[in-house]
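Below is one structure, written out as structure tokens; the observations come after it.
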Amino acid sequence: MKYINLIVIMAAIAAIVSCQPQNKKSTAKNTTIPNRKWWKEAVVYQIYPRSFKDSNGDGVGDLKGIISKLDYVKSLGVNVIWLNPIFASPNHDNGYDISNYREIMKQFGTMADFDTLLNEMHRRGLKLVLDLVVNHTSSDHRWFKQSRSSRTNPYRNYYHWWPAERGKPAKRYSYFDVDNNAWKYDSTTNAYYLHYFARSQPDLNWENPKVRQAIYKIMRFWLDKGIDGFRMDVIPFIAKDTTFPKLPAKYHGNFVHYYANGPHLHDYLKEMNKEVLSKYNIMSVAEGAGVTVNEVLNFINPSRHELNLLYNFDAMRLGLIPGTREVDPKGISLVDFKEIYTKWDSVIDDKGWGTIWLGNHDTPRMVTHWGNDTPEFRALSSKMLTTFLMTMRATPFYYFGDELGMTNIKFDSIKDYRDIETLHEYQHLKETGGNLKKFLNNEKLVARDNGRTPFQWDTTRNAGFTTGHPWLKVNPNYKTINVATEEQNPNSVLNYFKKIIRLRKKNLVLIYGKYTLLDKENPDVYAYTRVLNGEKVLVLLNFTTHKAQAKLSFDMNKAKVLIDNYPSLPSSGMIKDFELRPYEAVVFKLGN
Ligand code: NOJ
């Protein structure tokens, strides 16, 4: 009996200790920081499981592959892994079409592999966040098969149906449909079903309480296994006005904002929080598609009891022609970029907590889009962007491969693409006589497959990703951009990433410090300070290929360089004049 008591007490102590945020060795006075949370201090590393490491030679990454590389992930210094969906799926949208929420996708392994992965991660002090995809299921999900079988089936109301005798339903746009139409006619019951994404991704009917309860059960299933949180796929889209009125004119060409503002959205999130999230010490992060800066606090203000975090898309429109996926030859305005991040910081302020990211599985590679992927500037601009991500007041979400400076693959032929978005858009243009050449050129810059190519481990065949035939081509630049080579080079993008994570962890000012934008109108330099309990840090980032100067007036005599992305430190003259070399990133600790 005593032995059992001792175990209970030890487990309780372990639980209390594990809830404490890290950074024990930090320089700041911890006691004065309110509302510390582990997920505010974490760096999240996103792994696209299909492309990380293949253990069985079938050309597709898998869970055993991830397990074999956990020491690498740990060596980076990150705290959390977010895995894109790993559940049973026919893979029309690479796992974002789930056919069974309680089974692991066969290509990725088994539930036993999952349990090992979770144990091995926790043993190393790494937390696991899974992707919760509950706006829609796969059309292969048993619920949908039942639902479509007859109008009186008990699962009929798990999805949105529009009986054909009422005429055509009001226009709704779809992301991945060849006809851009989110309603698909189904002859079995003479009705249309709604799918905001592909036809094989029917939208669940959240207005049905049975659906919500079924989803909460799935969430508990994974949380009770011990996972540490959820990234919630297009969660703002879940609520719908089921009368399906005509889409108001202002939303044509901008329908994402309509989709993200359904009538009972926040009632559902509050209910989810009450029934599930509030019962666990976990992290919940909304994919905030369609959510504007004016709405963010509705999701993340702790007093509302909904979610912890939301990652926003505001900056993602920069560099594109408005309302399209077409790259704007005018490029990206740094002044606009600064304005977006500054606005998000000021609105969130101390009323919640932000996120920061520049690449994921839906975007081109960070360095190609935001930096410069030419041999001259690839490494420097990668490090500069990483400096930005690691010095903002928000939880960084960092996409695998960006720590190596991986670049867009820029396929020449449509045959090389695997992504439903590119393939369907191509098909649509072909059928409607669009300009295919122009489209393919643009896809080199924006297509999602650019960010999904296999991870580059070493210089062996297929970059050490697989012994088989990779599901998506490996970027030929793997001979120079890979883990093995970069680990040997003290100045590599990889080693810089490790170094700046250590710096962030050691200096709580970089996590919690107040952010102030400086020299706002400077078109070349992003300059800001972070201040916490008397400590002041200055961050200077040159976003250009030429030398640039910030207009500032600090006394730099006592300033100390905390990190710089050039192998040589800036001269004292450059420091005094706030002058930066091309793509230079430098972080100073300012003297008092
Ligand atoms: C957002 C995901 O990030 C994307 O990859 C997916 O295609 C859509 N949601 C649909 O689930």
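The values are calculated or read from the model by the stated rules, or taken from the named source; none is laboratory data. Bear in mind the structure is a predicted one, so any value in this text is a computation, not a measurement. Because the Cβ atoms are built from the backbone with ideal geometry, glycine has one as well, and the counts that use them run over all protein chains shown. The area values use the complete protein model at the heavy-atom level, side chains included, leaving out ligands, DNA and RNA. Shrake-Rupley method; radii C 1.70, N 1.55, O 1.52, S 1.80 Å.
Going by Cα centres, the range 180-243 and the range 478-557 are how many Å apart? For the range 180-243 versus the range 478-557, the Cα centre distance is 41 Å. Computed with every protein chain present, the accessible area of Y496 is close to 10 Å² [probe 1.4 Å].
Across the range 67-80, coupling constants 3J(HN,Hα) worked out from phi with the 6.51/-1.76/1.60 Karplus curve, θ = phi - 60°, read 4, 5, 10, 5, 5, 4, 4, 4, 5, 5, x, 6, 10, 10 Hz, and Gly and Pro carry x. Taking Lys and Arg as +1 and Asp and Glu as -1, the other residues whose beta-carbon sits under 10 Å from that of D179 total 0. In the assembled protein chains, Y280 presents an accessible area of approximately 60 Å² (probe radius 1.4 Å). Distances between placed amide hydrogens fall under 5 Å for N261 paired with no residue 5 or more residues away or on another chain. Relative contact order, whole percent, for the range 331-416 stands at 33, derived from Cα pairs under 8 Å and 6 or more residues apart. Placing +1 on the Cβ of every Lys and Arg and -1 on the Cβ of every Asp and Glu, with nothing else charged, gives the range 417-514 a dipole about its Cα centre of roughly 540 debye. Evaluating 6.51 cos²θ - 1.76 cosθ + 1.60 at θ = phi - 60° for every residue in the range 110-124, the Karplus couplings come out as 10, 5, 5, 4, 4, 4, 5, 4, 5, 4, 5, 5, 5, 4, 8 Hz, glycine and proline recorded as x. Remark: relative contact order (the range 213-344) = 23 percent; criterion is Cα-Cα distance under 8 angstrom and separation of 6 or more residues. Expressed as a whole percent, the accessible area of the range 157-235 that falls on carbon and sulfur atoms is 47 (1.4 Å probe).
So what is the relative contact order of the chain, in percent, for Cα pairs below 8 Å that sit 6 or more residues apart?
13 percent
Gyration tensor analysis over the Cα atoms of the range 418-531 returns equivalent ellipsoid semi-axes of 36, 27, 12 Å (largest first, whole Å). Here the scattering of the range 337-397 is modelled by Debye summation over its C-alpha atoms, one equal scatterer each and no solvent; at q = 0.19 Å⁻¹ the log10 of I(q)/I(0) is -0.75.
Mind checking the angle between helix 493-506 and the chain's longest principal axis? C-alpha axes, 0 to 90 degrees, to the nearest 10. Roughly 80 degrees between the two axes. Across the range 359-368, coupling constants 3J(HN,Hα) worked out from phi with the 6.51/-1.76/1.60 Karplus curve, θ = phi - 60°, read x, 7, 6, 9, 10, x, 5, 3, 5, 6 Hz, and Gly and Pro carry x.
Projected area of the chain, taken from the Cα convex hull and averaged over every viewing direction, in nm²?
28.7 nm²
In the chain, a dipole from Cβ-located charges (positive for Lys and Arg, negative for Asp and Glu) runs towards its positive end, and of N84, T453, S138 it is N84 whose Cα lies farthest in that direction. Does anything in the range 415-439 have its amide N under 16 Å from the 7 Å Cα→Cβ label point of K473, and if so which residues? Of the residues in the range 415-439, 415-419, 423 have backbone N under 16 Å from the label point off K473. Once backbone amide H atoms are built at 1.01 Å from N, I104 has A88, M111 as its partners under 5 Å, excluding neighbours fewer than 5 places away on the same chain. Compared with the direct C-alpha span, the chain from K551 to K506 gains 13.3 nm at full extension, assuming 0.36 nm per residue.
Given their separation in residues at 0.36 nm each and the Cα-Cα distance between them, N157 and K558 gain 137.6 nm when the chain is fully extended. The angle between the Cα long axis of helix 2-19 and the longest principal axis of the Cα atoms of the chain comes to about 70 degrees, rounded to the nearest 10. Highest mean packing comes first when the peptides 482-493, 125-136, 403-414 are listed by Cβ atoms within 10 Å, giving 125-136, 403-414, 482-493.
Eigenvalues of the alpha-carbon gyration tensor of the range 469-509, scaled by 5 and square-rooted, set the equivalent ellipsoid semi-axes at 29, 13, 6 angstrom, largest first. Between amide H atoms placed 1.01 Å from N, distances below 5 Å from Y45 occur with N79, V80, I81, W82, Y398, all of them 5 or more places distant or on a separate chain.
Look at the dipole of the range 79-219 built from charges on Cβ: of M111, L194, G125, the Cα furthest out on the positive end belongs to L194.
For the chain, with only Lys/Arg (+1) and Asp/Glu (-1) charged at the beta-carbon, what is the dipole magnitude about the Cα centre, in debye rounded to 20? Charge dipole of the chain: 1200 debye, to the nearest 20.
Summing charges over neighbours of N100, with a neighbour being any other residue whose Cβ is under 14 Å away from its Cβ, gives +2 when K and R count +1 and D and E count -1. What the Cβ-Cβ distance of I332 and L590 gives, at R0 = 35 Å and to the nearest 0.05, is a FRET efficiency of 0.75. Dipole check for the range 42-181: with +1 at the C-beta of Lys and Arg, -1 at the C-beta of Asp and Glu, and the Cα centre as origin, the magnitude is about 480 Debye. A 1.4 Å probe run over the protein chains yields, for the chain, 41 Å² of accessible area per residue, whole-number rounding. Among S150, S51, the order of accessible area from largest down is S150, S51, computed with a 1.4 Å probe on protein heavy atoms.
Could you work out how far helix 265-275 tilts from the main Cα principal axis of the chain, as a 0 to 90 degree angle to the nearest 10? So the helix axis and the longest Cα principal axis differ by about 80 degrees.
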